[in-house]
Amino acid sequence: MTNLLDKETDFSSMIDARLSRRRFLMGTAAVGAGAFLAVNPVAKAVAASMDSKLLNFTQIPASTSDTIVVPKGYSTSNLISWGDPIFPGAPAFNPNGKQDAKTQAMQFGDNTDGMSIFPLSKDRAIMAINNEYTNYQFLFDHQGKAMTADDVKKAQAAHGNTIVEIVRKDGKWSIDKNGKANRRITANTEMMMTGPAAGDDLLKTKADPTGTKVLGTINNCANGETPWGTYLTCEENFNGLFGSDEAVALDDNFKRYGIKTDGNKYQWHPTDKRFDLAVNPQEANRFGWVVEIDPKDPTSTPLKRTALGRFKHENAAVVINDDGHVVIYLGDDERGEHLYKFVSKNKYQEGNNAANRELLEGGTLYVAKFAMHADKLEGNGEWIELTYGKNGLTKENGFNSQAEILIFARKAATQVGATTMDRPEWVAVHPDKKHVFCTLTNNKNRGVKEGQDVDGVNPRAENHYGQIVRWMPSNVDHTSASFKWDLYLIAGNPTVHQGDLYAGSANINKDNMFNSPDGLGFDKAGRLWIQTDGDFSNQGDFAGQGNNQMLCGDPETGEVRRFLTGPIGSEVTGLTFSEDQKTMFVGIQHPTGHFPAGGDSKPRSTIVMITKDDGGVIGS
Ligand code: FEO
Ligand code: CA
Ligand code: CA
Ligand code: CA
């Protein structure tokens, strides 16, 4: 295969690629004339000719300051920070690091990430929020160096989800501590395993011989929401919480998920044997799932949906296909892992939520294979079914049941020849349902490790900038087995690199450049909001890119403008809007300076609210 990055490469082939890409896109309904402003991916900035009708704000410069910056005409305020009480009588946040587990369980969890809003009325809504993991250096006065059993319980209470009602008064939202839906879900909340793998021997433990009752959800990264009013929370880096002080022989099924005994920095396993691999190895099989939660009923049992497969789930992008099937796109965020799609067995029935609540119980899981063209940044692709007995998923190849395929979905994906990707993070479906986008955040192993050769969709070796792939399901049918794809953008640094793909695609220039796209979501008007979780050193390959940030892309013209810059050390992750799109909620995760209170205060993960000073729709 031609290496696009070979110094000897004749760029005319890449220009050809762009030309044919342009032809290809011009032929699709959603992309209008003038969609591509430049045909050369290494061309200089094209800002002068960028005149998006969708993006109506003035781009801001990169920043290294310890504040949030938004464009002129916009303001920010804070909704909730780690440790804020969410129930009447819950203690206020205390920065001394000595508050106990019980207190943390009545407060907002740590490391805010994906979130969804469920409107109750014009000025009241339920917000469901992921609390991905926790920062020991701030959670404990001993910074995690002397973990007791109570400390582990506190860390477990900082994980999971926060569900809280919010109310709007005088145009400004705030949390309502008296909200009936308010709830904390933690690493110890009772849940049910459901779907084809529930009850399987691989999910049984000493504490749960049924293989169906599990405690808690952890490493809740991003999210999804269903039209029947439920919240989907996705378990990502669960492996990091399992360990052992004893030597345990772990087979490839553990290794593939990064589950190991040594190097565990969270230290849950010494006092909570559930996480000790020598005592309860199969407990690890009960994490790495998508969990469905009814946010309106604080007594409801969260349901782990095994039909959606077990991997390091990023988010769950739900679309109701025109024929009524529920289709969910799912990224597995690990270097060289895969992109998946779930198609429900039954169809969505508007108004029949009793039936709709069963839709994620069963269906078919697929994994993506991108057809490569050696010198092109576009192509065809197919979805390969991960069903027992099909595509080599047989006993002879070591697969014994559908449950096993779902529990070890990564192994099944390898068996069917799925494309190894540059860390699939969020997927977002355009409101017109014709295009789907996925952030491929970065991958230092590309072109370095076996099985991760440079290819069209992952076109750079040692890719530390990331790209966004876009695909169009055949016949605008999300259940279709085939699709066409191209790259919406290739992040890069045109001030450091010239003449190769590390400069980025034509829609990246010195004024809007960034690295490591991660969070992704559309607003109702079809603006594509892009959040970053990357290198904020502002040096070397990243010079001029500043802190993590949020940008906004026009899917038709390709233009991308920087909308927000985060405070020092933070990742910008998680976004949702009020129903009228006049308030945008954005997560600021793991700041390390003094955000949000400033001075010499302790940094706290925080959800910020952005409003337009004229009261208009964000981005309009
Ligand atoms: Fe939690 Fe892949 O980000
Ligand atoms: Ca992420
Ligand atoms: Ca990330
Ligand atoms: Ca994160």
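Give the residue, chosen from Thr212, Thr217, that is touching a strand residue (DSSP E or B) at 6+ places or on another chain (Cβ under 8 Å) and free of Cβ contacts under 8 Å to residues at least 60 places away in the same chain.
Working: Thr217 fails: free of Cβ contacts under 8 Å to residues at least 60 places away in the same chain.
After ruling out the rest, the residue left standing is Thr212.
Can you find even one residue in the stretch 421-429 that is out of contact with any Cys (no Cβ under 9 Å at 6 or more places or on another chain) and crowded, with 22+ Cβ neighbours inside 10 Å?
Yes, because at least one residue in the stretch 421-429 is out of contact with any Cys (no Cβ under 9 Å at 6 or more places or on another chain) and crowded, with 22+ Cβ neighbours inside 10 Å.
Mind counting the residues in the stretch 218-241 that are within 16 Å of ligand 4 (Cβ to nearest atom) and either of a type in the set (Val, Ile, Thr) or over 18 Å from the mean Cα position of the chain (by Cα) (or both)?
Of the residues in that region, 3 qualify.
Within the stretch 90-130, restricting attention to residues that are polar (S, T, N, Q) and within 16 Å of ligand 3 (Cβ to nearest atom), which residue is farthest from Glu571 (Cα to Cα)?
Initial filter on the stretch 90-130 (polar (S, T, N, Q)): 94, 96, 99, 103-104, 107, 111-112, 116, 121, 130.
Restricting the remaining residues to those that are within 16 Å of ligand 3 (Cβ to nearest atom) gives 111-112, 130.
Working: Asn111: 10, Thr112: 10, Asn130: 14 Å.
That would be Asn130.
Based on this model, can you work out whether Phe536 counts as part of a loop (DSSP other than H, G, I, E, B) and within 16 Å of ligand 2 (Cβ to nearest atom)?
Against the criterion (part of a loop (DSSP other than H, G, I, E, B) and within 16 Å of ligand 2 (Cβ to nearest atom)), Phe536 qualifies.
For the stretch 477-500, how many residues meet the condition of being more than 20 Å from Gly553 (Cα to Cα), not in a loop (DSSP other than H, G, I, E, B) and not small (Gly, Ala, Ser)?
Residues flagged as more than 20 Å from Gly553 (Cα to Cα), not in a loop (DSSP other than H, G, I, E, B) and not small (Gly, Ala, Ser) within the stretch 477-500 amount to 2.
Yes/no per residue for (1) within 16 Å of ligand 2 (Cβ to nearest atom); (2) at pLDDT 95 or above:
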{"position": "Gly451", "(1), (2)": "no, yes"}
{"position": "Ile468", "(1), (2)": "yes, yes"}
{"position": "Pro473", "(1), (2)": "no, yes"}
{"position": "Ala481", "(1), (2)": "no, yes"}
{"position": "Gly499", "(1), (2)": "no, no"}
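If you scan the stretch 317-334, which residues turn out to be in contact (Cβ under 8 Å) with a residue 40 or more places away in the chain and away from ligand 1 (no atom under 13 Å from the Cβ)?
As a first pass, look at the stretch 317-334 and keep what is in contact (Cβ under 8 Å) with a residue 40 or more places away in the chain: 317-323, 325-334.
Ala317, Val318, Val319, Ile320, Asn321, Asp322, Asp323, His325, Val326, Val327, Ile328, Tyr329 - these are the residues of the stretch 317-334 that are in contact (Cβ under 8 Å) with a residue 40 or more places away in the chain and away from ligand 1 (no atom under 13 Å from the Cβ).
Mind telling me which of the residues Gly558, Gly616 ends up being at positive phi, in a loop (DSSP other than H, G, I, E, B) and away from ligand 1 (no atom under 16 Å from the Cβ)? Show your work before the answer.
Numbers: Gly616 fails: at positive phi.
That would be Gly558, the only listed residue that is at positive phi, in a loop (DSSP other than H, G, I, E, B) and away from ligand 1 (no atom under 16 Å from the Cβ).
Out of curiosity, is Gly553 crowded, with 21+ Cβ neighbours inside 10 Å and more than 16 Å from the chain's Cα centre (by Cα)?
For Gly553, the condition - crowded, with 21+ Cβ neighbours inside 10 Å and more than 16 Å from the chain's Cα centre (by Cα) - is met.
For Thr364, are the conditions met, namely being among the β-branched types (Val, Ile, Thr), in contact with a strand residue (DSSP E or B) (Cβ under 8 Å, 6 or more places away or on another chain) and assigned to a loop (DSSP other than H, G, I, E, B)? Break it down into steps so the answer makes sense when it comes.
On the way: among the β-branched types (Val, Ile, Thr): yes; in contact with a strand residue (DSSP E or B) (Cβ under 8 Å, 6 or more places away or on another chain): yes; assigned to a loop (DSSP other than H, G, I, E, B): no.
Judged against the criteria, Thr364 is not a match.
Is there a residue being within 17 Å of the chain's Cα centre (by Cα), away from ligand 1 (no atom under 16 Å from the Cβ), of a type in the set (D, E, K, R) and in a loop (DSSP other than H, G, I, E, B) anywhere in the stretch 522-533?
The answer is yes, given that some residue of the stretch 522-533 is within 17 Å of the chain's Cα centre (by Cα), away from ligand 1 (no atom under 16 Å from the Cβ), of a type in the set (D, E, K, R) and in a loop (DSSP other than H, G, I, E, B).
Looking at Pro473, Pro459, Pro431, which one is more than 22 Å from Gly526 (Cα to Cα) and away from ligand 3 (no atom under 16 Å from the Cβ)?
Checking each option against the conditions leaves just Pro459.
Residues that are crowded, with 22+ Cβ neighbours inside 10 Å and over 23 Å from Leu365 (Cβ atoms): does the stretch 432-442 have at least one?
Yes, some residue in the stretch 432-442 is crowded, with 22+ Cβ neighbours inside 10 Å and over 23 Å from Leu365 (Cβ atoms).
Restricting the search to the stretch 188-243, which residues are within 16 Å of ligand 2 (Cβ to nearest atom), in a loop (DSSP other than H, G, I, E, B), on the phi < 0 side of the Ramachandran plot and crowded, with 22+ Cβ neighbours inside 10 Å?
Ile218, Glu236
From the list Val586, Val572, Val608, which residue is over 15 Å from Thr64 (Cα atoms), within 16 Å of ligand 3 (Cβ to nearest atom), buried (at least 23 other Cβ atoms within 10 Å of the Cβ) and of a type in the set (Val, Ile, Thr)?
Working: Val572 fails: over 15 Å from Thr64 (Cα atoms); Val608 fails: within 16 Å of ligand 3 (Cβ to nearest atom).
Only one candidate qualifies: Val586.
The values are calculated or read from the model by the stated rules, or taken from the named source; none is laboratory data. Computed from a predicted model, the values in this text were never measured in an experiment. Positions of Cβ are generated from backbone atoms using ideal geometry, with glycine treated the same way; all protein chains shown enter the neighbour counts.
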